[in-house]
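Below is one structure, written out as structure tokens, with a few remarks after it.
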Amino acid sequence: MSAAAADQAHMRRAIDLALARMGETWPNPAVGCVIVKDGVVLAEAATAPGGRPHAEEQAVPAAGPDVAGATAYVTLEPCGARSSGRASCAHFLAEAGIARVVVAALDPSPFASGRGTERLRQAGLTVETGLMKAEAGVLSEGFLHRLETGRPMVRISADGTGFDARFAASPRADLVTELKRLGEAGYTRLWTGPGELADALAEQGLLTA
């Protein structure tokens, strides 16, 4: 297997790990991390239910002493700062001795926004971004929508798999206010079935295709 094919395979695994956690990690996005050295997978993890610990925080200790010099494949840019004041994931990866970090998508949130990759580079790590960016986009689309609008995104779904919760407001309610309230509570991806509520959301431009 070529180096490029191996990178794709490991990032695909990181994306699949995160996809399996979608709907469980709000208010944080679901993130996957796979740590590999000399072609051997040392550890893998995804954001824990409730949003913490982050994927990197779980994968690095699980990799053990061989983690030094390894490559970490991460679906979203590691945070460069933490709202809690704890060590960031970028700091955590650098301190562990990771040599290379491959990132699918950059994170525009105020705790990343290029700060994570910059901190990694300043620490001497090789950082590559954009691998399978489109495939990883679904993992953080609701998180980014809330950052941009203050509201969780809403989609039509048959069963709500992978969503944070069901949006069950009255079609005649102030839907923008209802969604902003849920956004403030940390929800990022809501679902509703087809019907009157979905029609009302669509009319107001609040339904994501």
**Report entry** Exposed trypsin sites (Lys or Arg not before Pro) absent - longest run of the chain, DSSP non-H/G/I/E/B, at most 16 other C-beta within 10 Å
**Finding:** 87-171
Query - Gain upon complete extension [Thr177, Asp66; 0.36 nm per residue less C-alpha separation] - result: 34.9 nm
Report summary line: Simple spin-label estimate for Ala9/Glu24, 7 Å along Cα→Cβ, in nm, reads 2.6 nm
Query raised in the report: Using the Cα gyration tensor of the range 109-157, with a ≥ b ≥ c the square roots of its eigenvalues, what is the shape: rounded (a/c below 1.5), prolate (a/b larger than b/c) or oblate (neither)?
Result: oblate
Query raised in the report: If one computes P(r) from the Cα atoms of the range 69-173, what percent of pairs lie at distances over 18 Å?
Result: 56 percent
Query raised in the report: What percent does the relative contact order of the range 1-85 come to when contacts are Cα pairs within less than 8 Å and at least six residues apart?
Result: 28 percent
Query raised in the report: Carbon and sulfur atoms: what percent of the 1.4 Å accessible area of the range 2-51 do they account for?
Result: 55 percent
Query raised in the report: Helix 133-149 sits at what angle to the longest principal axis of the chain, using alpha carbons and giving 0 to 90 degrees rounded to 10?
Result: 50 degrees
Report task. Kindly report, to the nearest 10 Å², the accessible surface of Val41 as traced by a 1.4 Å probe over protein heavy atoms only. Result -> 70 Å²
Query raised in the report: So in the chain, what percent of DSSP beta bridges are antiparallel if you round to the nearest 5?
Result: 40 percent
Report summary line: To the nearest 10 degrees, the tilt of helix 175-184 (Cα long axis) against the first principal axis of the alpha carbons of the chain is 30 degrees
Query - Solvent exposure of the chain as accessible area per residue, Å², 1.4 Å probe - result: 46 Å²
Query raised in the report: Percent relative contact order of the chain, based on C-alpha pairs within less than 8 angstrom and at least six residues apart?
Result: 18 percent
**Report entry** Rounded tilt (10° steps) of 3-19 against the dominant C-alpha axis of the chain
**Finding:** 40 degrees
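The values are calculated or read from the model by the stated rules, or taken from the named source; none is laboratory data. Everything numeric in this text was worked out from a predicted model, so none of it was measured. All Cβ positions, even for glycine, are placed from backbone atoms using ideal geometry, and neighbour counts span all protein chains on display. Surface accessibility is based on the protein's heavy atoms, side chains included, excluding ligands, DNA and RNA. Shrake-Rupley method; radii C 1.70, N 1.55, O 1.52, S 1.80 Å.
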